[in-house]
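Each remark here refers to the structure printed beneath this line.
The values are calculated or read from the model by the stated rules, or taken from the named source; none is laboratory data. Please read all numbers here as calculations on a predicted model, not as lab measurements. Cβ placement follows ideal geometry from the backbone for every residue including glycine, while neighbour counts extend to all protein chains displayed.
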Amino acid sequence: MFDLLIKNGTVVDGSGAPAFPADVAVSGGVISAVAPGISAPAARTVDASGRLVTPGFIDIHRHADLNLFTEGFGAPELRQGLTTIVNGNCGLSAVPCPAARREEILHFLSPVVGDADGAPRFGGFAEYMALAERAPLPLNVGMCVGNGTVRAAVRGYGEGPLSPGELAAARDLLRGALSDGALGVTLGVVYAPEYNYDADGFAEVLSPMRE
C-alpha cells in the first residue's frame, strides 16, 4: 500500500524528455513508482487529471536568510512548488556577522533578508549553518556568502579601499565560509558597501575563489 498515489497526471520529470501521462506513487516520502494505470491501494489518492506533475522547483535567488528562523517559514514557497531555495544573494548575506558589527549589518540588511528580532544569534558562517540545520525547515535551503557583507564585517559601510589588514581579514572570511559550506560567493556591485571596490579591488578580495 502506497502512502500517496497521484493519478491521471502528465509527468514532466525534469530530464528534458517530453511530458508523458503516468501515475506517481509515493511511500515514506520517496517516489516508489511512475507508470500508467497504477492500481495498488494508497492511503491518499489525488486526481491530477488535466494537470502537470513535476519534481519540486529550485529557486536559486532568495533572501530568506533570517526569515527561515520564523514560525511558518516555507509555506508560501511550497505553495509555489518550491522545494529548494538558495539564500545569501546579491552580496547581501546575513553572515558573516561579527558581534562588533552585528547591529550595523543586520539593520542595513533587514529590508532584504528579514528582521533579526526572534532570530538566533550567530557570528560566523559555520555557526549560522549549524543553526539552520537544526531548524525545522519544510524545504531544502542552501546558502551563499555575500561579498558585501564580508566587507561590512571588516570595515562596516564606510567608503574607500580596504587597508591591507582589512583585505586579508575579508579573504579569510571568504575562505572560511567556502570551507564551511557556502555554495559560492555572490556580488552586489551596485549596492553598499561593494560599490566602493574598483575592478582591481574585486580581483584582490575575491582571490580565494582561485585557490
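Here the condition is being modelled with pLDDT of 95 or more and out of contact with any Ser or Thr (no Cβ under 9 Å at 6 or more places or on another chain); of Met129, Met143, it holds for Met129 alone.
Considering every residue within segment 134-142, establish whether at least one is touching a strand residue (DSSP E or B) at 6+ places or on another chain (Cβ under 6 Å) and not hydrophobic (A, V, I, L, M, F, W, C). Yes: segment 134-142 contains one or more residues that are touching a strand residue (DSSP E or B) at 6+ places or on another chain (Cβ under 6 Å) and not hydrophobic (A, V, I, L, M, F, W, C). What residue, among those in segment 8-50 that are of a type in the set (D, E, K, R) and farther than 18 Å from Gly81 by Cα, is surrounded by the most Cβ atoms within 10 Å (Cβ to Cβ)? Going through the qualifying residues, I end up with Asp23. Within the option set Gly81, Gly91, Gly56, being in contact (Cβ under 8 Å) with a residue 24 or more places away in the chain and over 21 Å from Leu137 (Cβ atoms) holds for one residue only, Gly91. Hey, can you tell me all the residues within segment 179-188 that are more than 12 Å from Arg151 (Cα to Cα) and in contact with a Gly (Cβ under 8 Å, 6 or more places away or on another chain)? Of everything in segment 179-188, those that are more than 12 Å from Arg151 (Cα to Cα) and in contact with a Gly (Cβ under 8 Å, 6 or more places away or on another chain) turn out to be Asp180, Ala182, Leu183, Val185, Thr186.
Might you check whether a residue that is acidic (Asp, Glu), surrounded by fewer than 16 Cβ atoms within 10 Å (Cβ to Cβ) and within 19 Å of Leu68 (Cβ to Cβ) occurs anywhere in segment 129-149? Scanning segment 129-149 turns up at least one residue that is acidic (Asp, Glu), surrounded by fewer than 16 Cβ atoms within 10 Å (Cβ to Cβ) and within 19 Å of Leu68 (Cβ to Cβ). Determine whether Arg44 is basic (Lys, Arg) and either at pLDDT below 95 or over 30 Å from Ala153 (Cβ atoms) (or both). Against the criterion (basic (Lys, Arg) and either at pLDDT below 95 or over 30 Å from Ala153 (Cβ atoms) (or both)), Arg44 qualifies.
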